[in-house]
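Working notes for the structure below.
Computed from the coordinates by the stated procedures, all read-outs in this text should not be read as laboratory data. Since the model is a prediction, treat every value here as computed from it, not as a measurement. Every residue, glycine as well, gets a Cβ built from its backbone with ideal geometry; the counts of neighbours run over all protein chains shown.
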Amino acid sequence: MSRPEPESRNGEDLDPLLIAILHELCGDAQQGATPESGLSLARLAKRVGVRQSTLRRHLTALEGAGIVTVALGEDGGGTVALAYSGRTLGNP
């Protein structure tokens, strides 16, 4: 999968990987996923074309901002979904 080009908002470039992650999570939410159900980290990493370690770094930032919820399992896997506050992104 090719990564999107950086977008600029107010003169600042937005990380194309963050855009790809949010795009996938928004699509998942539109199909009925909830913060409790989530998308597996492995599946999301495959969809956006990065290693899970790279994905986890970006998700840590998004989780800190309250945009996503991440649930990690004892086996090293986990799930991620838009938090309820993340679902309002882009809505006036």
**OP:** Search the stretch 31-47 for residues that are in contact (Cβ under 8 Å) with a residue 40 or more places away in the chain and pair each with any residue that is basic (Lys, Arg) and in a helix (DSSP H, G or I) when their beta-carbon atoms are under 9 Å apart and the residues are at least 6 apart or on different chains.
**Re:** Pro35/Arg87; Leu39/Arg47
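Among the residues of the stretch 11-53, what is the count of those that are at positive phi and surrounded by fewer than 18 Cβ atoms within 10 Å (Cβ to Cβ)?
Start the filter on the stretch 11-53 by keeping residues that are at positive phi, which leaves 11, 32, 38, 49.
Filter once more, keeping what is surrounded by fewer than 18 Cβ atoms within 10 Å (Cβ to Cβ): 11, 32, 49.
Count: 3.
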